[in-house]
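Okay, so here's the structure we're looking at.
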Amino acid sequence: MSEFKGRYQLASSDIACEEFGGEMVVLNLASGHYFALNQSASFLMQAVLSGQAIDQLAAINTLAFSAEDVTRFVADLASHDLIAPDGAAEACPVDTDTVQSAQALTEKPVLEVHDDLADLIIADPIHDTDVAVGWPAAQNKAA
């Protein structure tokens, strides 16, 4: 059984995700790290963020990856502070469309970590702006 119970969400508002042709790029603005997810990893990330039960995702019979691969991938997401438990909500059961989509995947989920631009991403002043006011107004950090 998976150690991951319940529903998960992005760990913070500093994390941005974008899908490009079935693959996903995830950017953690707080750390400056960005992540490349292959098609299987992108599929699993979307399933996790849509609230589907991780243990049920791991139990899907697929030739591309095993239950251990799913658990390892989700653990990698958590270890990089990309996802966190959403204690207020229960996980959803995995539906038939998700099972069929998973069975069509042809590769193990891969999360590539890149930190080569971390200094530039962290130094970008646009991330230090007040969300309500926008740039160039600085955040009120006294709170």
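Just to be sure before I move on: is L77 at pLDDT 60 or above and under 21 Å from Y34 (Cα atoms) in the structure I sent? Yes; evaluated as a whole, the condition is true for this residue. Restricting attention to the stretch 107-122, and to residues there that are at pLDDT below 80 and open to solvent by 60 Å² or more (accessible area, probe 1.4 Å), which single residue is nearest to R72 (Cα to Cα)? Top of the filtered list is D115.
Restricting the stretch 6-15 to residues that are in a loop (DSSP other than H, G, I, E, B) and in contact with a Pro (Cβ under 8 Å, 6 or more places away or on another chain), the residue that is modelled with the highest pLDDT is R7.
Considered as a group, the residues in the stretch 92-106 that are open to solvent by less than 40 Å² (accessible area, probe 1.4 Å) and in a loop (DSSP other than H, G, I, E, B) include one that is nearest to G6 (Cα to Cα), and that residue is V94.
The values are calculated or read from the model by the stated rules, or taken from the named source; none is laboratory data. The structure displayed is predicted, hence computed values, not measured ones. As a convention, Cβ positions derive from the backbone with ideal geometry for all residues, glycine included, and neighbour counts pool all protein chains shown. Note: accessible area is taken over every heavy atom of the protein model, side chains too, but ligands, DNA and RNA are not part of it. Shrake-Rupley method; radii C 1.70, N 1.55, O 1.52, S 1.80 Å.
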